[in-house]
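I have placed the structure first, in the form of structure tokens, so that the comments after it can refer back to it.
Read-outs: derived from the displayed coordinates by stated rules, not from any lab. These numbers were taken from a predicted model, which means no experiment stands behind them. Note that we place each Cβ from the backbone using ideal geometry, even for glycine, and neighbour counts take in every protein chain shown.
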Amino acid sequence: MKDNGDQISEGLNQILEIINAKGDTGEINNIVERSHNDFDKSKNDTKS
């Protein structure tokens with residue numbers, strides 16, 4: 001399980017990736033998909 005600092009860092013990195021995508025919808029969709037997958041994985045990790 002990730003600590004709060006790691007989660008904040010990942011969130012900031014995702015924001016920067018979105019900014020750098022500059023309207024590239026394919027790249028933005030990839031970022032969002034990775035975010036959903038990471039969220040689902042962390043949600044499942046807390047159930048264990």
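Of the chain, which part is the longest with no trypsin sites (Lys or Arg not before Pro) in a loop (DSSP not H, G, I, E, B) and with at most 13 other C-beta atoms within 10 angstrom? Before the final figure, lay out the partial values.
Values: sites that count: Lys2, Lys22.
Result for the longest clean stretch: 23-48.
What's the angle, to the nearest 10 degrees (0 to 90), between helix 25-47's Cα axis and the longest principal axis of the chain?
Tilt of helix 25-47: around 0 degrees.
The list [x] 27.1, 77; [y] 12.1, 38; [z] 11.7, 38 gives values of Rg and Dmax of the Cα atoms in Å, and only one came from this structure; which label was calculated from it?
So the calculated entry is the one marked [y].
Report, to the nearest 10°, how far helix 4-21 tilts away from the longest principal axis of the Cα atoms in the chain, using its own Cα long axis and a range of 0 to 90°.
Its long axis makes an angle of about 20 degrees.
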